[in-house]
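In what follows, a single structure is set out as structure tokens and then discussed.
The values are calculated or read from the model by the stated rules, or taken from the named source; none is laboratory data. Every value quoted in this text rests on a predicted model; they were computed, and no experiment measured them. Virtual Cβ from ideal backbone geometry, glycine too; neighbours counted across all protein chains shown.
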Amino acid sequence: MNSSSSLINALFIFVLAGFIGFEVIRRVSPLLHTPLMSLTNALDAIAVVGAILLVGEHKSQLSAIFGFIAVVAATSNIVGGFLITDRMLKMFKSSRPAAKTAAK
Amino acid sequence: MTPELAGGQVVIELLYLVASVLFILSLKWMSSPTTARHGIWAGEVGMVLAICGTLLHHGIIDYKLIAIALVLGTIIGVPLGRVAMTAVPQRTALSHAFGALCVTLVGSAEFYLRSPGISRFMMSVLSIEVILGGLTVTGSLMAAGKLQEILPQRPLTYKGQNLVNFLLLVAALVIAVWLIVHPESRTLFPFMILIALTFGVLLIIPIGGADMPTVISLLNGYAGLSAAAMGFVLDSKLLIIAGALDGSSGLILSIIMSKAMNRSFTNVLFGAFGQVQASATATEEAKPIRSATPEEAAAILSAASRVIIVPGYGMAVAQAQHKVRELFDSLSKRGVDVRFAIHPVAGRMPGHMNVLLAEADIPYDRLIEMDEINGDFPQTDVALVIGANDVTNPAARSDHSSPIYGMPILDVDKAHTVMVIKRSMNPGFAGIDNPLYYLDNTLMLFGDAKAFVGSIVRELSGGHG
């Protein structure tokens, strides 16, 4: 029965996290939808933790090889995702400082 | 499963908890451009904490291989983070493929490690994980190939396409159910993966460029959901949370995109997008159009007091965004109020136009979304359409027979003067004729977007001395 109670726990977490996700992401400005997608991509690469365990525990040849490729793929998403999101957000500038000249 | 947590385990779980909170904050801070960069910081810290926590697991015996993989991933990731802004849609598609690849490989490895003794519930989520993951891998690679123009961009359709796709999905599910009941049938597992991979290819074949924003969002959602399923398999709360966040983000964006194209969400979910309409474009008699030269366009623009520029994917293709910035500067200097109207599906992914214009140094408070700016067109002197077509087509409002009838559009035709920069009178990608071009208040500006905007800018500065 232990495994079914852990299933229920997992379902609770999934549903509540999905709910938070909806509420939080609904508020993201459409202006930032592209960086949002690259950021969620980087966060999603947290799957790397599962892959790291596969490589590190080395339970079988197959699992270590699959895990290795998985770590490479996920790490490239983490690094690339954060890098490009940062580059994009740096570009978004407000005209506020120059507002006086622009408004006139 | 874990009756009593050991001390080290508690530390790891607490690190994961902090990481989860940081991930949620990270997305929350994306709500505004002023706080968004804190969001990256929170995400990065959360990620580092989670990885450090994982490395503390006492089961890990081989650190060297992990280190090599992390370094290799970084070497691949850095150039992927440095691509040009015009290439962001294909980069995003590629990273969905990488994310899904990771999930699918981990799922497969877990199956072979646990296989005969795998519980029914575990096998169910594992099947969801690898089927969703598998179809996202190939689907995203196909999407990236189309966006990078390695693959033909035209939608490929054939008879019975939906039936074939449906049967494949059923076959994958039958194998999944068989494996749930008989988890010892290890030889069947690769077939399930193979079918999922094939399904991903076939799903994207009928998709054309204009549908890419919806498809990329949908693949984003699938990648997230498969990661959440992986969280169930590994009993990792952190992974469930991150997957649920990513999944809901992708689904919300797909809903927004499908609404902006007037497609129901279920229509999108079942892959019934991208059908080519039987092009019943009867060759109509040549309707009169009016065209103008750069000099005339410059004169009209400099006499205006309110201008709205409507950019589309054509602007990105012509690489015209920097010339558009020069036009924006030159008009703003003359006291003209210039704003940009952004349609949700303009470009090849959600928010694509905003990123391109922000890169060209156009302040983000000048980029206005469709619902907010549509009421302003009647008080606008000039609407300048650059490389956009269907999103300005008034037939979507009035013509019941139009394939895009009902799609929300930017009401450019209500401006006093509409100017459309276009290469020729050929109908756009979707092959739908645009009545906007024949209106009395429309001026066609024929030419390459970058060159034409450049000549307008030259006229404007020349006229001023």
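Figures for the structure shown
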| quantity | calculated |
| --- | --- |
| Flag if B:Ala316 is under 30 Å from B:Arg154 (Cα atoms), modelled with pLDDT under 90 and part of a loop (DSSP other than H, G, I, E, B) | no |
| Per-region count, the stretch B:215-251, residues facing chain A (nearest Cβ under 7 Å) and either among the hydroxyl-bearing types (Ser, Thr, Tyr) or without any contact (Cβ under 8 Å) to a residue 12 or more places away in the chain (or both) | 3 |
| The stretch B:448-462 - residue that is surrounded by 19 or more Cβ atoms within 10 Å (Cβ to Cβ) and of a type in the set (A, V, I, L, M, F, W, C) and, of those, nearest to the chain's Cα centre (by Cα) | B:Ala449 |
| Any hit, the stretch B:155-176, residues being at pLDDT 85 or above and of a type in the set (Ser, Thr, Tyr) | no |
| Any chance A:Leu54 is more than 7 Å from chain B (Cβ to nearest Cβ), under 30 Å from B:Arg114 (Cβ atoms) and not aromatic (Phe, Trp, Tyr) | no |
| Residues that are touching a residue at least 24 places away in the same chain (Cβ under 8 Å) and either facing chain A (nearest Cβ under 7 Å) or touching a His at 6+ places or on another chain (Cβ under 8 Å) (or both), drawn from the stretch B:43-58 | B:Met47, B:Ala50, B:Thr54, B:His57 |
| Single match in B:Ile40, B:Ile61 (criterion: facing another protein chain (nearest Cβ under 7 Å), over 23 Å from B:Gly247 (Cα atoms) and either surrounded by fewer than 19 Cβ atoms within 10 Å (Cβ to Cβ) or modelled with pLDDT under 95 (or both)) | B:Ile61 |
| Breaking point among (1) in contact with a Gly (Cβ under 9 Å, 6 or more places away or on another chain); (2) in contact (Cβ under 8 Å) with a residue 40 or more places away in the chain; (3) part of a loop (DSSP other than H, G, I, E, B), for B:Leu151 | (2) |
| Close pairs (8 angstrom Cβ cut-off, 6 or more residues apart or separate chains): at the interface with chain B (Cβ under 7 Å from one of its Cβ atoms) and within 13 Å of B:Val88 (Cα to Cα) in the stretch A:70-96, aliphatic (A, V, I, L, M) and outside any helix (DSSP H, G or I) anywhere | A:Ile84/B:Val83 |
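This table checks each residue for (1) of a type in the set (Val, Ile, Thr); (2) within 24 Å of B:Cys102 (Cβ to Cβ).
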| site | (1), (2) |
| --- | --- |
| B:Gly133 | no, yes |
| B:Val137 | yes, yes |
| B:Ile150 | yes, yes |
| B:Leu156 | no, no |
| B:Val170 | yes, no |
| B:Val181 | yes, no |
| B:Gly208 | no, no |
| B:Asn220 | no, yes |
| B:Gly224 | no, yes |
